[in-house]
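First comes the structure, then the notes that go with it.
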Amino acid sequence: MTTLRNLVREVEAADVTEAIGRLYDRRETLWLPHAVSDVLTELRRLTPDPSGTEYELHIELLPPTDIDDEPYWDVCCRKEGDPERYGFDLSPWTEWLAIRVPQSLLDKMTATEIVAHCVWEMTFYGFTQEKIAGFRAEMKRSVKEIHDGQPE
């Protein structure tokens, strides 16, 4: 069984940065190579959380939702036998690492492209786990305020 961790260990940061530029950003950003390198270094240092193994990675190009939009990449996870799609953008990176990568996805994309999609998705709220955890905590506070009907 291939996991995201296996793929992270075999790709080069420069190739992942190029793939992100090609698949998503298309703008020349001086900070991106350094940020991607830092993320990959951190991912290689972490131990996968076994709870992530219940999920399988899915990446597909979806049609635009509006006539003026472009197609977009959907990166999500699914549990076997469950049609629900799970977003992982606010999940700890240790969970990401344990996600199973199906052979059907490996047949459609290179390891570099798969890792590029995942790095792009997992860093949506920041390029460090601490930033993402802070955003996650802020969201939880906001939900609690809404649920309770008053700010803390």
Could you tell me whether Tyr72 is farther than 20 Å from Thr128 by Cα, free of Cβ contacts under 8 Å to residues at least 12 places away in the same chain and surrounded by 11 or more Cβ atoms within 10 Å (Cβ to Cβ)?
-> yes
Where Arg26 falls short, out of the listed (1) within 13 Å of the chain's Cα centre (by Cα); (2) at positive phi; (3) of a type in the set (D, E, K, R) | (1)
State whether one or more residues within region 29-37 are within 13 Å of Cys118 (Cα to Cα), among the aliphatic types (A, V, I, L, M), touching an Asp or Glu at 6+ places or on another chain (Cβ under 6 Å) and at pLDDT 90 or above.
-> no
Turns out the helices (runs of 4 or more DSSP H) fully within region 36-152 with at least 3 residues that are not hydrophobic (A, V, I, L, M, F, W, C) are 103-108, 111-122, 129-148
Being touching a helix residue (DSSP H, G or I) at 6+ places or on another chain (Cβ under 6 Å), open to solvent by less than 20 Å² (accessible area, probe 1.4 Å) and of a type in the set (A, V, I, L, M, F, W, C), is that true of even one residue in region 47-57?
-> no
Counted residues in region 1-31 being outside any loop (DSSP other than H, G, I, E, B) and open to solvent by 10 Å² or more (accessible area, probe 1.4 Å) come to 15
Considering every residue within region 124-141, establish whether at least one is open to solvent by less than 20 Å² (accessible area, probe 1.4 Å), within 22 Å of Pro48 (Cα to Cα), touching a strand residue (DSSP E or B) at 6+ places or on another chain (Cβ under 6 Å) and not β-branched (Val, Ile, Thr).
-> no
Can you tell which of Asp38, Asp82, Asp107 is open to solvent by 40 Å² or more (accessible area, probe 1.4 Å), of a type in the set (Asp, Glu) and more than 24 Å from Arg136 (Cβ to Cβ)?
-> Asp107
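The values are calculated or read from the model by the stated rules, or taken from the named source; none is laboratory data. Model, not experiment: these values are computed from the prediction. Positions of Cβ are generated from backbone atoms using ideal geometry, with glycine treated the same way; all protein chains shown enter the neighbour counts. Areas reflect the complete protein model, heavy atoms only, side chains present, ligands, DNA and RNA absent. Shrake-Rupley method; radii C 1.70, N 1.55, O 1.52, S 1.80 Å.
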